[in-house]
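The values are calculated or read from the model by the stated rules, or taken from the named source; none is laboratory data. Bear in mind the structure is a predicted one, so any value in this text is a computation, not a measurement. So basically every Cβ, Gly included, is an ideal-geometry build from the backbone, and we count neighbours across all protein chains shown.
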Amino acid sequence: MTQVLVLNKHFIPVSLTSWKRAIKLLFLGRADVVDEEYRTYDFKDWFELSQMIKENPAGFIYTAKFKIAVPEIISLKFYDKIQFEEPQLTRRNVYEHYGYRCCYCGKKFTTEKLNIDHIIPRSRGGKTEWDNIVTSCISCNFKKANRTPQEAGMKLVISPSKPQRRIKLALVFNTNIRIPSSWQKFIDHIYWDTELEK
Ligand SMILES: [Zn+2]
């Protein structure tokens, strides 16, 4: 059964559907077909194109009178919801957020030479939240010890901040489905950013 990738109005993948439902949505004017070059086709355009082309990666549906190419990607014309998610406070996200720099001296380090620092130490009630967490190199960390920056006479050259919210990727691909090459540019970020299945 051919799966069709469903994008929202902003070309962000939202789900997978069957070719039957994809064609139905197209026919009802609720979706357009999208090709690899980001061109869109409404039902009429797609129908006409289907009569002209001889090959289509996902094949054709034939009736007695006409054929219609099975789309690989459709976009929903009226669905523009984007779900955002707060970035998780993980070591990796923190390091990446601060560009692998120590927020006290501003220099860049490899991960082994960086630490997570609570600006207000945990022992003093400092929370593990984005606005109280920065990266620090081992020597700055040592110098600061269990004190606030003021007490240690240190200044943050990079202020704590929270990363941008990210688009929530609801789609998780089952590893045994065949992923058409046309989907690639729409799902690349999903491949890299989806939480791995347990
Ligand atoms: Zn440092």
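Just a few scattered comments:
- Count - residues of the stretch 142-160 that are in a helix (DSSP H, G or I) and either surrounded by fewer than 16 Cβ atoms within 10 Å (Cβ to Cβ) or modelled with pLDDT under 95 (or both): 5
- Ile177 satisfies every condition listed in (1) away from the ligand (no atom under 16 Å from the Cβ); (2) among the aliphatic types (A, V, I, L, M); (3) modelled with pLDDT of 95 or more; (4) out of contact with any helix residue (DSSP H, G or I) (no Cβ under 7 Å at 6 or more places or on another chain) except (3).
- Matching residues, the stretch 135-157, being under 33 Å from the mean Cα position of the chain (by Cα), within 10 Å of the ligand (Cβ to nearest atom) and in contact (Cβ under 8 Å) with a residue 40 or more places away in the chain: Thr135, Val157
- Strands (runs of 3 or more DSSP E) fully within the stretch 1-52 counting 3 or more residues that are among the hydroxyl-bearing types (Ser, Thr, Tyr): 13-18
- In the stretch 91-113, the qualifying residues are those that are more than 9 Å from the ligand (Cβ to nearest atom) and closer than 17 Å to Lys155 by Cα, and the one that is surrounded by the fewest Cβ atoms within 10 Å (Cβ to Cβ) is Lys108.
- Among (1) surrounded by 13 or more Cβ atoms within 10 Å (Cβ to Cβ); (2) of a type outside the set (Asp, Glu); (3) within 16 Å of the ligand (Cβ to nearest atom) - the single one Pro121 does not satisfy: (3)
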